[in-house]
Amino acid sequence: VGGIEAEAVMLGQPISMVLPEVIGYKLTGNPQPLVTSTDIVLTVTKNLRQVGVVGKFVEFFGPGVTHLSIADRATIANMCPEYGATAAYFPVDEVSIQYLVQTGRDEEKIKHIRKYLQAVGMFRDFSNSSQDPDFTQIVELDLQTVMPCCSGPKRPQDKVEVLEMKKDFETCLGAKQGFKGFQIAPEHHNNHVKFVYNDKEFELAHGSVVIAAITSCTNTSNPSVMLGAGLLAKKAVEAGLTVKPYVKTSLSPGSGVVTYYLRESGVMPYLSQLGFDVVGYGCMTCIGNSGPLPESVVEAITQGDLVAVGVLSGNRNFEGRVHPNTRANYLASPPLVIAYAIAGTIRIDFEKEPLGVNAEGKKIFLKDIWPLREEIRAVEHQYVIPGMFKEVYQKVETVNKSWNALDVPSDTLYAWNPKSTYIKSPPFFENLTLELQRPKSIVDAYVLLNLGDSVTTDHISPAGNIARNSPAARYLTSRGLTPREFNSYGSRRGNDAVMARGTFANIRLLNKFLSKQAPQTIHFPSEETLDVFDASERYQQAGHPLIVLAGKEYGSGSSRDWAAKGPFLLGIKAVLAESYERIHRSNLVGMGVIPLQYLSGEDAESLGLTGRERYTIIIPEDLVPRMNVQIKLDTGKTFQAVMRFDTDVELTYFRNGGILNYMIRKMAS
C-alpha cells in the first residue's frame, strides 16, 4: 500500500480496491550451481513486467518452489513493486516451518502454526499439484533456464545476462537517450580521463565502476548471497586481487544477524580488505545515501562527460536515484557487486577477460573465485543457527527499552518549532472548510510537464542528493544552511517547503518541452525556461491550474507519498497518462489530484497533443467509477479520457478534496 493509504487506515478508514486478478507463477526445475537468488528475482521481474501484473496479486507455486529458501522467496516477494503487482505471495510449506525453527521461535507456537494452517487447508506441499488453486492466468518459469544476470542501466526490469553485459553497455552508449541509451557520439566511446587520487594517478572511462554497494533490505538479509559474497571476497584476497581505492565500496546489511554470521564464518576480514566494511543497516546506496564521491573522481567524470557506473545489490536503479554522477546503475547479486568492484569496469567479458592480475603476474578469472551453491549451503548450515538470532534480537530488546525510556512531551498537540528546517507544520489543511464543496471542472489549465513512459516516483519526488543549484538548495541557503548541511530530500520529508521545491527536481528528468535532461520546464506565458518549482509558482500566482501529460507506467517505483503530495502543492489538478502504477494512482486520489487515462489505443501522439495547448476538463455532477470525461482544448479539439477513480470510496475522497480532508471533516462532524 501507499503512504497516504496507510495514513488513512491509521485513522480508521478502509482500503478500497477492485477485486484483483490472481496470477499463478509456476516454478519448475532446479537452479544451476552458479545462479543466485538475485539472478532469479531479476529474471522474474522482467518476466512479470512483460506479462503485466499492475493491480494484480501474484502467487508462486509449483515443484520449483521447494528449491528456494525462505530468504530466496523473500527476495522475490520484496521486488513486488518493481514488477508492479499489489502482492506477491509464497504459501507456507515445510521450508517455512523450518525457518521458524532455525530462527529460534517457540516450539509450542510452531506446533500451533502448523496444525492451524493444515486444518484450514493453507499448508502447502508444492510437489502435490492437486493442492494447486485455480488462477486467473498461469505463467511458468523453469529455474534451470535462469542465468547469472544484472539489471540496468536505468530500470530494474531491464535484465542483461552477465555474458552480454559488456556488449549491452557499449550498445547503450551510442543509443538514443532513453531507458537503454545515453546518446554518446561514437567518436567519444573510448574517451579516457586521467586523475590523481591519494597521490597516485588513475584513469576513468565510460563504464568505469565508481560505486560498488552491497546494500538494501532483503537482498542483504539472505544468507546464500551474503555468504556467497564473503566466500568470493576470501578467494579474491587469497588470489591477490584488490579493489582500486577510489571505488566507493560499502556493506549495509538488512539485519545485525548478517554481521554476526559473516564474522563467525570468518569471511568478514576479507570483505573489509576489499573495502566492504559494514557502514550501517538498512536503506543506504539504494535510496541515494551513498554520500559524495572523491572530488577528483567527480571532476574526471565531468571533464570527460563519462557514463560512470554504480553496481549495487539493491532493488531500484532509476535515473538520478543512486548518485548524480553515476548515469548507469546496475542491480546485481552481492558476489557480482564485488566482482565488478575488482574489475573496475562494466566493460568486461568475464569468460574471456581476467578480473585482474596478481603480484606473480597470474591472470585471475571470475570462475577461479566464484563459490558454488553447495559450498555456500555448507557454510550457511554451520553458521546460521538459532542461537545467533536469539542473541541479536535480545540486544534489540535492550535498545527498545532505552528508546521507550526517553522523556516525551505530554502535550496533546505537537509543538512546532518554526526554526526547524526538518519538521514544519504542513499546509494541507490551511484553507479547509467543513462545508463540502462540489468538485469543479478544471478550466484552461496549462501543461507543466510533458513526460514519457516509466516516469518513476524518483523522477517525481527524488529522495537523494539536493543539488546545489536547485530551488530546495536556495531555500535551505536562505535559512542559513551551508551545502554540507543540506542532507537529502528523504531526510527532509517532514518539511513541505523543501519537498515542494524537490518535486520533479530529478536531474535526469526528461521533459519533452526541452532538448535535454533537466529538472526544468517552459513557462508558456513568458516562454522562459525555469526550474519546475519556479514555473509552478508563477502559474499559481497568476491563478492558472496545471496538469501533467505522461506515458505508460506513470508513478512506478517506490510507493512514495510525496510523489502525490508534491504535485498537489505545485498546483497540479490532474495527470493525463496512458497507464498508472496502482499505488501512485491511489496516492493521487488521496491528494485530490485527478488521475486521467487515455482511452484504449490513444495517446498524446495519436491525438496530436503538443502540451502547449490549454486544457479544460469537464467534471460532471453525477460521478461514477471509471467514467469517461470530456476534455476541451483551446485549439478547438475535443476528446475523452477515463477518470481513474476505481471505486465509490475513491470518489468520496475526491469529492472531499482527498483522504486527509475527508478524515478531518469526518472527525469534525
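Kindly check whether there is at least one residue in the stretch 213-220 that is more than 26 Å from the chain's Cα centre (by Cα) and in a loop (DSSP other than H, G, I, E, B). Among the residues of the stretch 213-220, not one is more than 26 Å from the chain's Cα centre (by Cα) and in a loop (DSSP other than H, G, I, E, B), which makes the answer no. Of all the residues in the stretch 424-455, those that are aromatic (Phe, Trp, Tyr) and surrounded by fewer than 14 Cβ atoms within 10 Å (Cβ to Cβ) number 1.
Considering the stretch 285-308, and only residues there that are β-branched (Val, Ile, Thr) and out of contact with any His (no Cβ under 7 Å at 6 or more places or on another chain), the residue that is surrounded by the fewest Cβ atoms within 10 Å (Cβ to Cβ) turns out to be 302. Of all residues assigned to the stretch 48-55, none qualifies as being in contact (Cβ under 8 Å) with a residue 60 or more places away in the chain, open to solvent by 30 Å² or more (accessible area, probe 1.4 Å) and farther than 30 Å from residue 145 by Cβ. Collect the residues in the stretch 233-284 that are of a type in the set (Val, Ile, Thr) and either in contact with a helix residue (DSSP H, G or I) (Cβ under 8 Å, 6 or more places away or on another chain) or open to solvent by less than 40 Å² (accessible area, probe 1.4 Å) (or both), keeping them in residue-number order. Listed by number, the residues that qualify are 237, 242, 243, 247, 249, 257, 258, 259, 267, 278. In this entry, residue 653 passes the filter for residues that are under 22 Å from residue 20 (Cβ atoms), over 24 Å from the mean Cα position of the chain (by Cα) and open to solvent by 10 Å² or more (accessible area, probe 1.4 Å).
Summed over the stretch 604-648, the residues that are in a helix (DSSP H, G or I), farther than 19 Å from residue 440 by Cα and open to solvent by 50 Å² or more (accessible area, probe 1.4 Å) give a count of 2. When 12, 24, 29 are checked against the criterion of being at pLDDT 95 or above and on the phi > 0 side of the Ramachandran plot, a single residue qualifies: 29.
All of 504, 513 fail the test of being farther than 18 Å from residue 610 by Cα, of a type in the set (Phe, Trp, Tyr) and at pLDDT 95 or above, apart from 504.
Among residues of the stretch 647-669 that are within 9 Å of residue 591 (Cα to Cα), those with a Cβ under 7 angstrom from a residue that is at pLDDT below 80, sequence gap 6+ or separate chain, pair up as 661/432. The residues on offer are 419, 367, 401, 352, and the sole one that is in contact (Cβ under 8 Å) with a residue 12 or more places away in the chain and open to solvent by 100 Å² or more (accessible area, probe 1.4 Å) is 367.
Of the residues making up the stretch 557-586, just one is part of a strand (DSSP E or B) and either of a type in the set (Lys, Arg) or open to solvent by 20 Å² or more (accessible area, probe 1.4 Å) (or both), namely 573.
Being more than 28 Å from residue 293 (Cα to Cα) and among the hydroxyl-bearing types (Ser, Thr, Tyr), is that true of even one residue in the stretch 531-553? Yes: the stretch 531-553 contains one or more residues that are more than 28 Å from residue 293 (Cα to Cα) and among the hydroxyl-bearing types (Ser, Thr, Tyr). Can you say whether residue 481 is in contact (Cβ under 8 Å) with a residue 12 or more places away in the chain, of a type in the set (A, V, I, L, M) and either at positive phi or part of a loop (DSSP other than H, G, I, E, B) (or both), as far as the supplied structure shows? Spelling it out, residue 481 is indeed in contact (Cβ under 8 Å) with a residue 12 or more places away in the chain, of a type in the set (A, V, I, L, M) and either at positive phi or part of a loop (DSSP other than H, G, I, E, B) (or both). Every condition in (1) out of contact with any Cys (no Cβ under 7 Å at 6 or more places or on another chain); (2) crowded, with 24+ Cβ neighbours inside 10 Å; (3) aromatic (Phe, Trp, Tyr) is met by residue 330 except one, and the failing one is (1).
Residues that are among the β-branched types (Val, Ile, Thr) and under 24 Å from the mean Cα position of the chain (by Cα) number at least 1 in the following helices (runs of 4 or more DSSP H) confined to the stretch 222-280: 223-238, 256-264.
Scanning the stretch 456-473 turns up one or more residues that are free of Cβ contacts under 8 Å to residues at least 60 places away in the same chain, open to solvent by 50 Å² or more (accessible area, probe 1.4 Å), of a type outside the set (Gly, Ala, Ser) and within 28 Å of residue 284 (Cα to Cα). Yes or no: residue 116 at pLDDT 95 or above and hydroxyl-bearing (Ser, Thr, Tyr)? Yes; evaluated as a whole, the condition is true for this residue.
Scanning the stretch 146-194 for residues that are over 23 Å from residue 318 (Cα atoms) and open to solvent by less than 30 Å² (accessible area, probe 1.4 Å) yields 146, 193. Scanning the stretch 513-542 for residues that are surrounded by fewer than 16 Cβ atoms within 10 Å (Cβ to Cβ), in a loop (DSSP other than H, G, I, E, B) and not aliphatic (A, V, I, L, M) gives 515, 516, 525, 526, 527. Here residue 589 does not qualify as touching a strand residue (DSSP E or B) at 6+ places or on another chain (Cβ under 6 Å) and open to solvent by less than 40 Å² (accessible area, probe 1.4 Å).
Counting the residues of the stretch 500-543 that are touching a residue at least 40 places away in the same chain (Cβ under 8 Å), out of contact with any Ser or Thr (no Cβ under 7 Å at 6 or more places or on another chain) and among the aliphatic types (A, V, I, L, M) gives 4. Checked against the criterion of being assigned to a helix (DSSP H, G or I), at pLDDT below 95 and among the hydrophobic types (A, V, I, L, M, F, W, C), the candidates 34, 19, 100 yield just one match: 100.
Can you name the residue in the stretch 91-145 that is under 30 Å from residue 51 (Cα atoms), under 32 Å from the mean Cα position of the chain (by Cα) and among the hydroxyl-bearing types (Ser, Thr, Tyr) and, of all such residues, is surrounded by the most Cβ atoms within 10 Å (Cβ to Cβ)? Step by step, filter the stretch 91-145, then rank; the result is 96.
The values are calculated or read from the model by the stated rules, or taken from the named source; none is laboratory data. Worth saying up front: this structure is predicted, and the values here are computed from it rather than measured. Every residue, glycine as well, gets a Cβ built from its backbone with ideal geometry; the counts of neighbours run over all protein chains shown. Accessible surface is based on the protein model in full, side chains and every heavy atom, while ligands, DNA and RNA are left aside. Shrake-Rupley method; radii C 1.70, N 1.55, O 1.52, S 1.80 Å.
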